[in-house]
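Just so it is clear, none of the values below were taken in a lab; they were calculated from the coordinates. Computed from a prediction, not measured in an experiment: that's the story for all the values here. In this analysis, Cβ positions are derived from the backbone assuming ideal geometry, glycine residues included, and neighbour counts consider all displayed protein chains.
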Amino acid sequence: MDISAAIEAILFAAGESVPVARLSLVLGADEKEISLCAAELAEKYEREQRGMRILRLEDNLQMCSAPEYGDQIRKAFVTVSYTHLRAHETSQD
């Protein structure tokens, strides 16, 4: 089993921070190995300018989006106003 890939999959699916101790238990690897693999993944993401990051928050790990894509992420989730939608619908009738 590729521990780095497993960490990546778990953190992606979790959507929140996951204790290193929990990853260690689930993956059958010691906490030092989990931390090392996560640090290597985090460095790889930054070096390759990937859209994701892995953060270490005390004794937890969390996957998040890269801050340099914040504007694009916000735009992707902007709520279009109801008035705008209604105007668009009536203009197509």
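If the chain between K32 and R47 were fully stretched, how many nm would it gain, using 0.36 nm times the residue separation less the Cα-Cα distance? Could you put the intermediate results ahead of the total?
On the way: separation 15, 0.36 × 15 = 5.40 nm, distance 2.23 nm.
Computed gain between K32 and R47 is 3.2 nm.
Site pair F12 and D59 shows an inter-label distance of 2.8 nm when each label is modelled 7 Å from Cα along Cα→Cβ.
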